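Asks: Supplied in structure tokens, the structure appears directly below.
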Amino acid sequence: ITLAHASDYYPQGNGQAGSSNKNLVTIIRKLVDENQRSWHKSLYDALWADRITPKRSLGMSPFQVLYGNDAEIPISTELPALRLARAIEDETFSEFSRKENYVPDRTRRK
């Protein structure tokens, strides 16, 4: 591991931070209405959007790197858990398939 240092007050010396900040500014500009002074109200949404967006250098989003799975966007958390529903559906189908294969064998024995 190579430790690199960059000055806090010289963003040109840290290209990664400069690139991230440029992305955040772009997102905030798109979120802010005519009142440019309200940019701080859009900061949380801009950070969230940036964190769940896949990065070319990582091949995945920073959220995926940190937590190991995709982020649930706020609207999907209000709906029934889709992952749980899919898991139950897969489990039910697998169990049904086993029972379906078992029934013909049982009927042939009689």
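Asks: Mind checking which residues of the stretch 46-82 are of a type outside the set (Gly, Ala, Ser), modelled with pLDDT under 85 and surrounded by 12 or more Cβ atoms within 10 Å (Cβ to Cβ)?
Replies: GLU72
Asks: Would you confirm whether any residue within the stretch 33-43 is outside any helix (DSSP H, G or I) and surrounded by 14 or more Cβ atoms within 10 Å (Cβ to Cβ)?
Replies: No: the stretch 33-43 contains no residue that is outside any helix (DSSP H, G or I) and surrounded by 14 or more Cβ atoms within 10 Å (Cβ to Cβ).
The values are calculated or read from the model by the stated rules, or taken from the named source; none is laboratory data. All values reported here derive from a predicted model rather than from experimental measurement. Cβ coordinates were reconstructed from backbone atoms using ideal geometry, including for glycine residues, and neighbour counts include every protein chain displayed.
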